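A.B. asks: Pasting a structure here, questions to come.
The values are calculated or read from the model by the stated rules, or taken from the named source; none is laboratory data. Remember, it's a predicted structure, so these values are computed and weren't measured experimentally. Note that we place each Cβ from the backbone using ideal geometry, even for glycine, and neighbour counts take in every protein chain shown.
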Amino acid sequence: MVHAGWSRRAALAYNLASGSTVILDAIIAWALAGHVAVAVLLPFAAGNFAYIALADPVPELTTIPAPHGGTILTGGFAAGLLLLALTATLAG
């Protein structure tokens, strides 16, 4: 965020605000655990982890100098999508 032109204070405030939603989401999931099939939330959690894992390498797909580097990252991305699909199938 700082590299996008935000001040350090604003970047810290927005990161703190977005990071604190994890606690609220955990409380909501815990409260709903007895009323809703929590397994339905598993693909969403997996999607969040995949997003976090791919947030840095995806922009590098077009800037990696090694010819096989893009192939490796694209293969990893495809494997992650396959894992998400498998998780959603098994959870549903």
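A.B. asks: Please work out if Ala33 is at pLDDT 75 or above and out of contact with any Leu (no Cβ under 9 Å at 6 or more places or on another chain).
C.D. replies: yes
A.B. asks: Now, a different point. From the list Ala46, Ala88, Ala50, Ala78, exactly one residue is exposed (fewer than 13 other Cβ atoms within 10 Å of the Cβ), at pLDDT 65 or above and assigned to a helix (DSSP H, G or I). Which is it? Show your work before the answer.
C.D. replies: Working: Ala46 fails: exposed (fewer than 13 other Cβ atoms within 10 Å of the Cβ); Ala88 fails: exposed (fewer than 13 other Cβ atoms within 10 Å of the Cβ); Ala50 fails: exposed (fewer than 13 other Cβ atoms within 10 Å of the Cβ).
Every option except Ala78 fails the conditions.
A.B. asks: Further, regarding this structure: Mind listing whichever residues of the range 12-27 are more than 23 Å from Leu90 (Cβ to Cβ), surrounded by 11 or more Cβ atoms within 10 Å (Cβ to Cβ) and not polar (S, T, N, Q)?
C.D. replies: Listed by number, the residues that qualify are Leu12, Ala13, Tyr14.
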